[in-house]
Amino acid sequence: METNQHKVRVGRIDFTNVWPIFYYFPMERFGEEVELLQRVPTGLNKALAEGTIDMGPISSFAYGEFHRDYVLMPDLSVSAYGPVKSILLFHRKPFEEIVNGTIALPTTSASSVNLLKIVIAKFYGGNPSYFYASPSLDDMMKESDAALLIGDDAIRAGWVDSGYHVTDLGELWRRHTGQWMSFAVWAIRRETIARHPELVKRMYEAFLWSKSKGLDEPEEMIEAAVSSIGGDKVYWADYFRNLCYDFGQPQWQGLELFYRYAWELGLLDEPVKLQIWQDNTVIQVNR
């Protein structure tokens, strides 16, 4: 029984890519113990850093920035081995010809923005000029050679024949590293684990149950995506099936490489160690 009556505030990404984990989450099991707050990824990153939420999916890059304050939940992520289909770079010329150009970045993303910077610097030797803009492809391309979109914004833009080249960052990362890429991870503040150990355990088990049901019985979720975003059932069935919601050794390995490159390029201030929650203990991944 929890002695501290303060609610645990859980962030939820305002994109369909997390639906298989959240769609069937049984809020009724938790009464007044838990509150859900919905934000875009950068909003959740900020809220967890400030302590206005206690746990939830954040940009994997944000864990790298605050890894001393957070612990990661195993078996929960938004990852891909290859194309992710919702993290897309739109560009006027072939990719190799825009790596020293001007690139518009969305204000909604952290992991994808830094993944693009890593790929361009590490694998193409590029040094483009970046600027941030609201996620509207037409507006972003007015003053740039390329524009990055993520989540549902990328999905909608990808459905339109804009005439641009389109590069999937998940596929680009796999092509050059042979590794998985985790775009969102489930993080929890260390003090939340200390204050609510049994509630954290029950919530983790509920998220795993919701993930299993979402993947095993996706029909209702797919219909909701068609209704709210567009497209057809075939597209959304393929989209959800293509993403991976696990977070184990293969995903850890890819994420460690991402953090090492980010540190080498000065995008992170220090090397990052993965701290993984395991039944109310914390293990450090050492390689």
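The values are calculated or read from the model by the stated rules, or taken from the named source; none is laboratory data. Computed from a predicted structure; not experimentally measured. Cβ sites come from the backbone with ideal geometry, for glycine too, and all protein chains shown count toward neighbours.
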*Which condition breaks for Ile118 when tested against (1) more than 16 Å from the chain's Cα centre (by Cα); (2) without any contact (Cβ under 8 Å) to a residue 40 or more places away in the chain; (3) assigned to a helix (DSSP H, G or I)?*
(2)
*Looking at region 58-79, which of the residues that are farther than 15 Å from Gly43 by Cα and either touching a Ser or Thr at 6+ places or on another chain (Cβ under 8 Å) or assigned by TED's automatic domain parsing to the domain that holds Ser111 (or both) is surrounded by the fewest Cβ atoms within 10 Å (Cβ to Cβ)?*
Ser79
_If I go through region 88-106 residue by residue, how many of them are surrounded by 19 or more Cβ atoms within 10 Å (Cβ to Cβ), at pLDDT 95 or above, not small (Gly, Ala, Ser) and not in a loop (DSSP other than H, G, I, E, B)?_
6
_Residues that are over 24 Å from Ala225 (Cα atoms) and either modelled with pLDDT of 95 or more or part of a strand (DSSP E or B) (or both), drawn from region 34-47_ = Val34
*Taking region 170-203 as the region of interest, how many residues are surrounded by fewer than 21 Cβ atoms within 10 Å (Cβ to Cβ) and of a type outside the set (Val, Ile, Thr)?*
16
*Would you please name the residue that is farthest from Val78 (Cα to Cα), looking only at residues in region 138-157 that are surrounded by 18 or more Cβ atoms within 10 Å (Cβ to Cβ) and modelled with pLDDT under 95?*
Ala157
*Quickly run through region 21-57 and pick out the residues that are in contact with a Leu (Cβ under 9 Å, 6 or more places away or on another chain) and buried (at least 23 other Cβ atoms within 10 Å of the Cβ).*
Ile21, Leu44, Ile53, Asp54, Met55, Gly56, Pro57
*Collect the residues in region 246-264 that are under 12 Å from Ala184 (Cα atoms) and crowded, with 23+ Cβ neighbours inside 10 Å, keeping them in residue-number order.*
Phe247, Gln251, Leu255
*Please specify each residue of region 5-33 satisfying the condition of being in a loop (DSSP other than H, G, I, E, B) and over 18 Å from the mean Cα position of the chain (by Cα).*
Gln5, His6, Lys7, Tyr24, Phe25, Pro26, Phe30, Gly31, Glu32, Glu33
*Do we have any residue at all in region 126-137 that's farther than 25 Å from Val40 by Cα, modelled with pLDDT of 95 or more and surrounded by 15 or more Cβ atoms within 10 Å (Cβ to Cβ)?*
yes
*Quick one: count up the residues across region 121-137 that are part of a helix (DSSP H, G or I) and in contact with a strand residue (DSSP E or B) (Cβ under 9 Å, 6 or more places away or on another chain).*
1
